[in-house]
Structure formats: C-alpha cells, structure tokens
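Trainee: Quick one: structure below, then a few questions.
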Amino acid sequence: MSMTTTQAMAFETADGDALRALMAGATARRRAQWGDVITYSRKVFVPLTNMCRDTCTYCSFVEHPDSPKANFMTPDQVLATARKGQEQGCKELLFSLGERPELRYDKARAALDRLGYESTNHYLRAMCELVLTQTTLLPHVNAGTLNGAEIDMLRPVSASMGMMLETVSRRLTRKGMPHHACPDKVPTQRLRTLERAGERGVPFTTGLLIGIGETWAERVESLAAINAAHLRHGHIQEVIIQNFQQKPGIVMADHPEPDLNDMLRTLAVARLMLEPEISLQAPPNLSARHMEYLNAGMNDWGGISPVTIDFINPDHEWPEIQTLAASTQTAGCELVERLTIYPRYLRRSDTFLDPSLRTRIAAMSRPDGLAQQQCLETMA
C-alpha cells in the first residue's frame, strides 16, 4: 500500500536512523517491483530551439532571441546529430526545446517562417518524422505543455513524451519567485498536459525539480498529483527527482542547492508514495552519490549520452556508462539498457503505442521488453 500524504509529511526533516529506515522501506518496495535491475537509456540529445517564452530564474538553457546564441536547429543539424548518436549505439533521440517562443518574440516567429512552419511544435513533428525515416532512433519529445491537438499530432512520430511538472506550487508564480510571468509553468497548465497525455495513451515522463523554493508540503502535494493522474490513466512510466543546481549567470546563482539528505528523503518518499510500477529516476550527472541514490529506492538513471552534453546542466558531464555500471554493481544491482518506452507499455502497445511504431520498436527490444543488448565494454 502506498504512503499517504499525511504520512509523507512526517519525513520533512528525517535524518539519521529515521532516514535510514525510510530508505530501507523504499529499497524494499523497489526490489519487490523491479528486482535488482537498474535501467538507463542510451540516447542522443537534440536541443531543437533554445528560445522560450518562459523566463524561469534557474534556467541556463534559454537564450533571448537577441542573443547570437539563440537558434532553431536546421534539419541538417538535427540529422547530423542523430546520425552521430546512431553510430554510437544510441536508440533514443530526445528532443528538448523551449516552449512556444513564437508567441512572445517576433524573431522566433521569423525564424520559424524561414523554416516554413507555423509553430515550434509543427516543426518538432517534422523533425521527428525526419529522424524516423532517416535513422534507426526512437524520438522522445520534451515539448512542455501541450494541448490535445498537439499531442495527437506528435503521438504518431514519438515513442514517448515528457514534461517535468516541477511543482504544483502557485506561490512560485508570484512576483520575485522562479516561475513569475512564465505562462507554461502555471501548475494548472502542466497538470492539464498530464491529463491530456493520459487520455490519449501516451507513455509519459514527468517529475519534480526540488530546491527552487518549494516547501516540503508542496513537494508532497506534487507527488500526490502525479500519482493521481497515473491512477486515472496508467500512463506515467517514470518520475524524475531532479535537484536544483547553481549555474553562473542565472538569477538564482546564489540560491542554496538541496543537500544530499534532502535528495535522499525526497527519493525515498517518492518511491513509497507513487504506484510501484512507476519508474523512479535521478540524474546521475548531478551527484556523485550513486550508491546512496540506489539505496533510496530509485531504479533508473535516465538518459545518458555518449555524444551530446546535458544541455540543461552543461557543467555536469555524463558519467561513463562503464563507471556507472560498476557503481550499480557495487550496490548489488545490475545496469541494463532500456528503450524510451518501458516494457510495461510495450506489452500494451495497442493502447500506448501508435501502430506505425510497433514493428520498429518490437525489433529493437528483447523478449522482456528491455533494449537489445550491446556489450558495455564496447560502449563505455
């Protein structure tokens, strides 16, 4: 039985023996569902555009359209990056992008006009089609908030989709807070995207960004909201617990980062609150404390790229897959590659996968639904 929000509130300051007991319970729940297999996805990242109509004060990815660094990647650039990933054994291509910059900036609108598309999301669909027709990779799209028509447009050309909920705190949209004047970070809009994806049978990734000023109660409420959406639709395949990182040049450059215990108690509570079939993930490049994360109940390291940097946290390099495998083994677990769509959803492809993608994905998966394996020594 899952932990209730009332029970979760009691662990706000868990430390010492209380934290160790919490983590032991989370590890037991992980093992009961996932065994000792820890997964990751070998992927290539394509930052389709670094322009965005939102101005979150912790973001170093977004560039103002007046900046010489602001851009939309061209189709040739997308395809060149995709082919590099394919050459390195990647199976997933993750499209990351700012949200709807053309609705705020004339220069973004003009850039799309030059490319021949009416919106960022129409261009995204075309680039997904390009990847599917010209490479062996599976697109996963992180396009942020989406309406129903946009999800319908993207579903046939993407094996999965994602959007970090981050938080359900409306307080963080007030003046002086990190989500002020960010229309796509209004919690209602992000929760509606979760619902729309569930109604349409989209395998979906979401998660929390912790340490940006939210309270423990708001964090617990955010986990409860994600779980409630999953109980209605069964579509949340993974939840990421991501820790805020200081970066030079951002408004929150001096804002304190969450400490290790805060991360561990959040991971453990997430494992105990969420339905056990939801994969729990933490980015391996944002902490060197891999064993502690594994002992807090997580079962997935997310996307790791041998080709491209983490464009959201560019100062944090991806760990070598071989090194991560060794850390995972030290914790008594085995590192195994997965696809962007988890086995549970592949088994229910009639509901969670567009017919046009089923044959392609079946050929990429082994009988248990994980990725066809390559020797880790050749991929490190």
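Trainee: If you add up the charges near Thr13, with Lys and Arg at +1 and Asp and Glu at -1, over every other residue whose beta carbon is less than 15 angstrom from its beta carbon, what do you get?
Mentor: On the way: positive: Arg20, Arg219, Arg265; negative: Glu12, Asp15, Asp17, Asp259, Asp262.
Counting the neighbours of Thr13, the net charge comes to -2.
Trainee: Then there is this: State the extension gain, in nm to one decimal, for the chain segment bounded by Asn261 and Thr323, taking 0.36 nm per residue of separation less the distance between their alpha-carbons.
Mentor: Working: separation 62, 0.36 × 62 = 22.32 nm, distance 2.35 nm.
Gain on stretching Asn261 to Thr323: 20.0 nm.
Trainee: Which value in deg cm²/dmol, rounded to the nearest 500, describes the helix-derived mean residue ellipticity at 222 nm for the chain, given -39,500 (n - 2.57) per DSSP H run of n ≥ 4 and division by the residue count? Please list the in-between numbers first.
Mentor: Values: 15 runs with 151 residues, N = 380.
Helices in the chain give a 222 nm mean residue ellipticity of -11500 deg cm²/dmol.
Trainee: Multiply the residue separation of Ser356 and Asp17 by 0.36 nm, subtract the distance between their alpha-carbon atoms, and state the gained length in nm to one decimal.
Mentor: Values: separation 339, 0.36 × 339 = 122.04 nm, distance 5.14 nm.
Here the answer is 116.9 nm.
Trainee: Moving to a separate point now. What whole-number distance in Å separates the alpha-carbon centres of the range 36-114 and the range 212-257?
Mentor: First find each Cα centre; the distance between them is then 21 Å.
Trainee: Starting from the Cα of Glu199, step 7 Å along the direction of its Cβ; do the same at Asp36; then give the gap between the two resulting points in nm.
Mentor: Each label point lies 7 Å from its Cα, and together they span 4.5 nm.
Trainee: Could you check the simple spin-label distance between Ala228 and Thr5, using points 7 Å along Cα→Cβ, in nm with one decimal?
Mentor: 0.6
Trainee: Can you work out the base-10 log of I(q)/I(0) for the chain at q = 0.09, 0.13 1/Å, using the Debye formula on its C-alpha atoms alone?
Mentor: For the chain, the Cα-only Debye profile gives -0.48, -1.08.
Trainee: Under a plain spin-label model, where a point goes 7 Å from the Cα along Cα-to-Cβ, how far apart in nm are His122 and Arg344?
Mentor: My value for the distance between the label points is 3.7 nm.
Trainee: First measure r as the distance between the Cβ atoms of Ala28 and Thr330, then evaluate 1/(1 + (r/R0)^6) with R0 = 22 Å and state the FRET efficiency to the nearest 0.05. Please list the in-between numbers first.
Mentor: Numbers: r = 19 Å, r/R0 = 0.88.
For Ala28 and Thr330, the calculated efficiency is 0.70.
Trainee: Cβ neighbours within 10 Å, averaged per peptide: list 220-232, 322-334 in order, most packed at the top.
Mentor: On the way: 220-232: 19.3, 322-334: 16.2.
With the highest mean Cβ count within 10 Å placed first, the list reads 220-232, 322-334.
Trainee: What does the charge count near Gly144 come to, summing +1 for each Lys or Arg and -1 for each Asp or Glu among other residues with Cβ under 13 Å from its Cβ?
Mentor: On the way: positive: Arg53, Arg100, Lys185, Arg190, Arg192, Arg196; negative: Asp54, Glu99, Glu150, Glu166, Asp184.
Net of charged neighbours comes to +1.
Trainee: Okay, moving on. Checking the table Lys84/Lys107; Lys69/Lys185; Lys43/Lys84 against a 21 Å threshold on Cα-Cα, which pairs fail?
Mentor: Numbers: Lys84/Lys107 30 Å; Lys69/Lys185 24 Å; Lys43/Lys84 11 Å.
Violating the 21 Å Cα-Cα cut-off are Lys84/Lys107; Lys69/Lys185.
FYI, it's all coordinate maths here, none of it is from the lab. Since this is a predicted model, take the numbers as computed values, not measurements. Using ideal geometry, Cβ is built from the backbone for each residue, glycine included, and neighbour counts are taken over all protein chains shown.
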